[in-house]
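Worksheet: one structure, shown below.
Bear in mind that the values in this text are calculations on the coordinates, not laboratory data. Remember, it's a predicted structure, so these values are computed and weren't measured experimentally. Heads up, the Cβs are rebuilt from the backbone with ideal geometry, glycines too, and the neighbour counts pull from every protein chain shown.
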Amino acid sequence: MSWSAHVLTLYPEMFPGPLGVSLAGRALAEGIWSLDTVQIRDFATDKHRSVDDTPAGGGAGMVMRADVLARAVDQVLERRPEAPVLAMTPRGRPLDQALVRELAAGPGVSILCGRFEGMDERLLEARPILPVSIGDYVLSGGEVAAIALLDACVRLLPGVMGAASSGEEESFETGLLEYPHYTRPYEWEGRTIPEVLRSGDHARIAAWRHERALADTRSRRPDLVERHGDARRPPPSDARRED
Ligand code: ADE
């Protein structure tokens with residue numbers, strides 16, 4: 001069975017969206033992965049099909065109801081009991097390449113997309129759900145976050161990327177940012193490509209790239225240097241990020 005994604009959302013029309021083009025779209029058409037959306041509103045029981053209510057304790061906005069969400073989650077758990085259920089929320093565990101890799105190596109994912117002020121916390125306690133955040137900023141809903149997560153997973157599935165990129169060589173796998181890239185023309189707006197990259201001396205090139213990866217990581221992401229130390233090797237240049 002192919003890697004399968006089930007997305008629980010109030011806006012199924014947002015999918016596949018960007019996942020329908022380029023690498024992910026081709027892989028979807030080829031059956032390397034599958035995508036199903038579930039309309040959360042279908043699990044409402046009142047005549048207004050309401051999925052949210054006012055926050056207990058007062059305050060702005062609305063909160064997604066635990067009972068409605070639980071019915072949707074239970075159906076997806078019944079259909080794909082082996083797939084982990086994630087909830088996209090800025091209160092979640094930060095998504096990183098290690099989690100992406102773990103999810104891509106499994107059978108697929110079921111993803112609950114939050115809207116409004118969030119979900120009733122009791123749902124997250126009562127069901128095996130992993131809350132996941134894609135960064136310290138607030139989106140208008142979990143759908144864009146789910147698309148980012150799925151894109152990161154799908155590109156790692158066997159047969160999606162060319163042979164050029166074998167996962168272990170990519171950014172973050174080494175604990176560092178990747179070194180910078182250059183291509184023709186040699187001179188552009190008075191700026192030239194670093195001479196070492198034209199030398200053909202692979203050892204010197206590798207050393208230069210390692211130094212640049214370290215320097216850029218130190219200046220842009222000191223948190224990564226702290227976490228992983230300076231000794232790691234940078235990824236080689238052939239890690240492919242686009243088609
Ligand atoms: N929903 C709203 N903001 C989010 C974020 N930063 N990550 C995941 N889901 C979200």
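List of remarks:
- Of all residues in the stretch 1-32 being in contact (Cβ under 8 Å) with a residue 24 or more places away in the chain and part of a loop (DSSP other than H, G, I, E, B), the one that is nearest to the chain's Cα centre (by Cα): 15
- The residues listed here are 67, 42; of these, the one that is under 20 Å from residue 129 (Cβ atoms) and within 27 Å of the chain's Cα centre (by Cα) is 42.
- Among all positions in the stretch 51-59, there is no residue which is touching a Cys at 6+ places or on another chain (Cβ under 9 Å) and either surrounded by 15 or more Cβ atoms within 10 Å (Cβ to Cβ) or over 25 Å from residue 121 (Cβ atoms) (or both).
- Answer residue from the stretch 72-100, given it is surrounded by 19 or more Cβ atoms within 10 Å (Cβ to Cβ) and among the small types (Gly, Ala, Ser) and is nearest to residue 10 (Cα to Cα) among those: 72
- Meeting the requirement of 1 or more residues that are away from the ligand (no atom under 16 Å from the Cβ) and without any contact (Cβ under 8 Å) to a residue 40 or more places away in the chain, no strands (runs of 3 or more DSSP E) wholly within the stretch 74-187 can be named.
- Residues located in the stretch 35-55, provided they are part of a strand (DSSP E or B) and in contact (Cβ under 8 Å) with a residue 40 or more places away in the chain: 35, 52
- The stretch 12-27, subset touching an Asp or Glu at 6+ places or on another chain (Cβ under 7 Å) and buried (at least 16 other Cβ atoms within 10 Å of the Cβ), residue farthest from residue 158 (Cα to Cα): 14
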